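Engineer: Below are the structure tokens for one structure; questions will follow.
Read the figures in this text as sums done on the coordinates, not as results from a lab. Just so we're clear, the structure is a prediction, and the values are computed from it rather than from any experiment. All Cβ positions, even for glycine, are placed from backbone atoms using ideal geometry, and neighbour counts span all protein chains on display.
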């Protein structure tokens, strides 16, 4: 998914400059380095958020595939007959959901 809300070159410039300035701490005091980091950071943040969201989407797809493959516990739905009270005449009998999961 390509997002046009950021400039990928600015994001990569921030990433590269940040890595270099961490390796050489004296560069962090350089005015040009500070300018690059301040100017490019918003694009870098949007790029990182997009990467994180894409990773989450992949994880969700993987979990859904795993769920489809596995045998999830089934359930049974039970609807009881009304007991004759006014409320149950209007709404119907009690309802119940029971899991068919059994522990071995």
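Engineer: Of the numbered conditions (1) in contact (Cβ under 8 Å) with a residue 24 or more places away in the chain; (2) surrounded by 10 or more Cβ atoms within 10 Å (Cβ to Cβ); (3) under 27 Å from residue 99 (Cβ atoms), residue 10 fails exactly one; give the number of that condition.
Structural biologist: (3)
Engineer: Further, regarding this structure: Name the residues in region 58-78 that are in contact with a strand residue (DSSP E or B) (Cβ under 9 Å, 6 or more places away or on another chain) and loosely packed, with under 10 Cβ neighbours inside 10 Å, would you?
Structural biologist: Result: 73, 74, 76, 77.
Engineer: Please go through region 29-87 and pick out each residue that is outside any helix (DSSP H, G or I) and under 31 Å from the mean Cα position of the chain (by Cα).
Structural biologist: 70, 71, 72, 73, 74, 75
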